[in-house]
1. Rounded to the nearest 500 deg cm²/dmol, what is the calculated helix-only ellipticity per residue at 222 nm for the chain, with -39500 (n - 2.57) per DSSP H run of length n ≥ 4?
2. Take the alpha carbon gyration tensor of the chain, find the square roots of its eigenvalues, order them as a ≥ b ≥ c, and report rounded if a/c is under 1.5; if not, report prolate when a/b exceeds b/c, else oblate.
3. In degrees from 0 to 90, rounded to the nearest 10, what is the angle of the helix 40-56 Cα long axis to the longest principal axis of the chain?
4. Given Cβ point charges of +1 (Lys, Arg) and -1 (Asp, Glu) and nothing else, what value in debye, to the nearest 20, does the dipole of the chain about its Cα centre take?
5. Suppose the chain between Ile69 and Ala9 were pulled fully straight at 0.36 nm per residue; how much longer would it get relative to their current alpha carbon spacing?
6. Nothing charged except the Cβ atoms of Lys and Arg (+1) and of Asp and Glu (-1): what's the magnitude of the dipole of the stretch 7-58 about its Cα centre? Round to the nearest 20 debye.
7. Can you put Thr8, Thr38, Thr126 in order, fewest other beta carbons within 10 Å first?
8. By its C-alpha gyration tensor, with a ≥ b ≥ c as the square roots of the eigenvalues, how is the stretch 7-58 shaped: rounded for a/c under 1.5, else prolate for a/b larger than b/c, else oblate?
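Here, each number is a calculation from the coordinates, and none is a lab measurement. Remember, predicted model here, so these are calculated numbers, not experimental data. Neighbour counts run over all protein chains shown; Cβ positions are idealised from the backbone, glycine included.
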Amino acid sequence: MTEALDVTARMAELEALGRPALCQAWRARFGKPPPDYTSMGFMRKVLIWEEQAARHGGIPPYLARALKIAAEERQPVARESDKLRPGAQLIREWNGRSYQVEVMREGFRMDGREYGSLSAIARRITGVNWSGPRFFGLVTRRG
């Protein structure tokens, strides 16, 4: 079992450190110096968070993605794999021809050929780069 981190005591230790010592602690944790103009208060908060995450586990990948999207003020868009289940069929008509795509566990199949993404299939059909989910009507443009 991991030893509990006394956050208050550790924060007091970090508060006592000057900028050079904080930069050294940052370098020890991340393997590089902090970004230019990083405040001492921010460095302390990041270092204490990193210590807690190391002891108790960080945030799950799905939450990290959601936080990144929120920080960029974008609307979250479900990934292809979140919406589609293996065996589902997608049909798209393009230039008078109907295309049928089967959703597989790992990718997609069209005309007996496997593809890693819907975007690759959309590119194959149209000859230009498209958002595959958008091409197949799974997402719409905002605004």
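1. Values: 7 runs with 67 residues, N = 143.
Rounded to the nearest 500, the figure is -13500 deg cm²/dmol.
2. Numbers: a/c = 3.70, a/b = 2.83, b/c = 1.31.
Note, shape of the chain comes out prolate.
3. 70 degrees
4. Values: 24 positive and 16 negative charges, 121 e Å.
It comes to approximately 580 debye.
5. On the way: separation 60, 0.36 × 60 = 21.60 nm, distance 3.36 nm.
Stretched out fully, the Ile69 to Ala9 stretch lengthens by 18.2 nm.
6. On the way: 8 positive and 5 negative charges, 19 e Å.
Dipole about the Cα centre, nearest 20: 80 debye.
7. Numbers: Thr8 9, Thr38 15, Thr126 12.
Fewest-to-most Cβ neighbours within 10 Å comes out as Thr8, Thr126, Thr38.
8. On the way: a/c = 1.95, a/b = 1.24, b/c = 1.57.
Because a/c hits 1.5 or more and a/b fails to exceed b/c, the stretch 7-58 counts as oblate.
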